[in-house]
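Encoded as structure tokens, the structure appears first; notes follow it.
The values are calculated or read from the model by the stated rules, or taken from the named source; none is laboratory data. As the structure is a prediction and not an experimental result, all values here were calculated from the model. Ideal geometry is used to build each Cβ from the backbone, glycine not excepted, and the neighbour counts take in all protein chains shown.
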Amino acid sequence: MAISHDERTTLTEAEARRITAEARHALDNAVEWANEAFDLIREAYAGNADEALGCKPEVDPVTGVRLTSWDVYCRDNFGAVRGLRIPLLTRAALVQEFVHEVGMSTREAAAVFRVGHKTVREDLARDLVGPSAALTVVGEVVASTPAPLAAAPKPLTKPQQLEVDLLAAGPKGLTSVQVGRLHKDWTAPWAVASEVHAQHRVADGVRVGRRIERLSVLEPTGTRLHSGKPYAVYVHPEHVAGRQVEGPGRRSRAAVPAPQ
């Protein structure tokens, strides 16, 4: 029911401080819970939680669409995602991470966020790296920085900085998690890595290889665990050292090699 301004009763200062503190605390918890929820969904996917819980493929009685076990698992457990109203660029960043880093298909990502395949494809196509992108993530807003008016040494772009970082990292390479730790102002480090990995180096008008490489999931050093979750390892082309690499796109849902 709407309350008119005349019907409102002014709080005491103590009451206002208490209510404001409780609201702020509740919002902080909501951000923390949302981040934790998506971390747990990554873990559930990596551990085949749908199969462990006995979810089976079935035909949706309303739409007649055939559902996979993952579709059924998400439908039965994560219906509340629809009510979260996740900001568009936040969802796009999460979708890109789930597909490019975790290895979900577009259908599997759609099941998590309870959206259609078309929405997921649009999220995958969104530019989260370019200078015009103002990125909103759960609990944080990062606005793009306007170009300087006066002439000044041009800073490295994110792709150029990533190449420098990987060159310095040597054969061990870096995961998107580690890149994010190096550059806390990068809202979507996995998006940067995926974009640069899809690009080629060019010499005299001829492609001579990728700007950066992603080690194959079959390589013992191609996957690194962070908090028990698997992440792809990126290396500079100079540090591939004969190891298998893989092309852009989602990784296979293969067993993760044991940490070395």
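Does Thr187 satisfy the condition of being at pLDDT below 85, assigned to a loop (DSSP other than H, G, I, E, B), crowded, with 16+ Cβ neighbours inside 10 Å and under 13 Å from the mean Cα position of the chain (by Cα)?
Spelling it out, Thr187 is indeed at pLDDT below 85, assigned to a loop (DSSP other than H, G, I, E, B), crowded, with 16+ Cβ neighbours inside 10 Å and under 13 Å from the mean Cα position of the chain (by Cα).
Residues Val192, Val235, Val240, Val179: which one is outside the structural domain of Thr90 (by TED's automatic domain parsing), modelled with pLDDT of 90 or more and under 21 Å from Val95 (Cα atoms)?
Testing whether each residue is outside the structural domain of Thr90 (by TED's automatic domain parsing), modelled with pLDDT of 90 or more and under 21 Å from Val95 (Cα atoms) leaves just Val179.
Please pick out the residue among Leu215, Leu174, Leu166 that is surrounded by 13 or more Cβ atoms within 10 Å (Cβ to Cβ), aliphatic (A, V, I, L, M), touching a Ser or Thr at 6+ places or on another chain (Cβ under 7 Å) and modelled with pLDDT of 90 or more.
Just one listed residue meets the conditions, Leu215.
Among helices (runs of 4 or more DSSP H) lying entirely in the stretch 27-106, which contain 2 or more residues that are in contact with a Phe, Trp or Tyr (Cβ under 7 Å, 6 or more places away or on another chain) and surrounded by fewer than 17 Cβ atoms within 10 Å (Cβ to Cβ)?
Ranges flagged: none.
Which is surrounded by 13 or more Cβ atoms within 10 Å (Cβ to Cβ) and not polar (S, T, N, Q), of Val206, Val240, Val202?
Val240
Hey, does the stretch 199-211 have a residue that's of a type in the set (A, V, I, L, M, F, W, C), without any contact (Cβ under 8 Å) to a residue 60 or more places away in the chain and assigned to a loop (DSSP other than H, G, I, E, B)?
no
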